[in-house]
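Trainee: So that we are looking at the same thing, I have put the structure below in C-alpha cells.
Just so it is clear, none of the values below were taken in a lab; they were calculated from the coordinates. Remember, predicted model here, so these are calculated numbers, not experimental data. All Cβ positions, even for glycine, are placed from backbone atoms using ideal geometry, and neighbour counts span all protein chains on display.
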Amino acid sequence: MKHFLSLYFIVFIFGCDTTPAPDPDPDPDERTTDETLYDFAKSTTGYVWYKKSDLLLPKSSGSGHTAPLMRTRFNATASAKLDAAGKVQPNATFPDGSVVVKELVTSGGDLSLYAILYKKSGHPDADAKGWVWGYINPDGSVRISASQKGAACISCHTQSGNIDYVLMNKFFP
C-alpha cells in the first residue's frame, strides 16, 4: 500500500502527459510535391545514366535550359524503358513511378539546377500525360514549382523527336 501511495503521489504531483509522441517519420504525402522531387533528385541509388554514362554532355541546340552542361538519369522504373545501350526505347511510354532527373551543370562543373520529371497519373500537380515537373536548386529551394504542371517546360519537351517528353535520343543519339 505504501508503494501504491508513493506512485499515486508522484503521478499526481508531476501529472501524466497523455500527448502522443510525434511521428518520427512523417507521412510522405504530407510533404510538398517540390520536397518529394528534391528528394528524388538528391538520390542516385538505383538510377541508370542515359547511355550508361555519367559524363557531362553539352547543352543541346533545342534546349531551353541556360546551363551549358547536363546529364540525365532514370530511376529503376523509368530505366525499364531504356534499351541495352541505355537510350530511351522508340515510342516508349514511361509507367507511373518513373523518375527522370536532369542535372544542369555550369561550365566550371558545379551543379546549378535539377530538372525533374516524375510520372504519377492522377496527382494534383500532374499534367495531362501524368508527369509532375520540377525545377529545383541544389540547396532545395524551388525555381519553378511542380504546381505549375510543367507550363515553363512543355513547349520545348513537345518538340518533334520527343519520347514521352524525353528528348535525349533526339539530341544525343
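Trainee: Counting Lys +1, Arg +1, Asp -1, Glu -1, what net charge surrounds P90 among other residues with beta carbon under 13 Å of its beta carbon?
Mentor: Details: positive: K81, K87, K170; negative: D83, D164.
Overall, the nearby charge balance is +1.
Trainee: Ranked by Cβ crowding within 10 angstrom, fewest neighbours first, how are T66, T33 ordered? The partial results should precede the final answer.
Mentor: On the way: T66 10, T33 20.
Fewest-to-most Cβ neighbours within 10 Å comes out as T66, T33.
Trainee: Then there's this: Can you tell which of A146, I136, P68 lies farthest toward the positive end of the dipole of segment 55-173, using +1 and -1 charges on the Cβ of basic and acidic side chains (Lys, Arg; Asp, Glu)?
Mentor: P68
Trainee: Another question, then. Compute the distance in nm between two label points, each set 7 Å from the Cα along the Cα-to-Cβ direction, one at K170 and one at D96.
Mentor: 2.7 nm
Trainee: So if each residue of separation counts as 0.36 nm, and I subtract the Cα-Cα distance between S63 and A76, what length gain in nm does that give? Please list the in-between numbers first.
Mentor: Details: separation 13, 0.36 × 13 = 4.68 nm, distance 2.53 nm.
Taking 0.36 nm per residue and subtracting the Cα distance, the gain is 2.2 nm.
Trainee: Could you compute how fast segment 57-107 diffuses translationally, taking Rh as the Kirkwood radius over C-alpha pairs and applying Stokes-Einstein at 4 °C with viscosity 1.567 mPa s? Give it in µm² per second. If you can, show how the numbers build up before the last one.
Mentor: Values: Rh = 12.1 Å.
It diffuses with D of about 107 µm²/s by this estimate.
Trainee: Name the residues whose placed amide hydrogens come within less than 5 Å of the amide hydrogen of S112, ignoring near sequence neighbours (fewer than 5 apart) on the same chain.
Mentor: It is L104, V105, T106, by chain and number.
Trainee: Taking the alpha-carbon set of segment 31-171, what are its Rg and Dmax in Å?
Mentor: Cα-based Rg and Dmax for segment 31-171 come out at 13.7, 39 Å.
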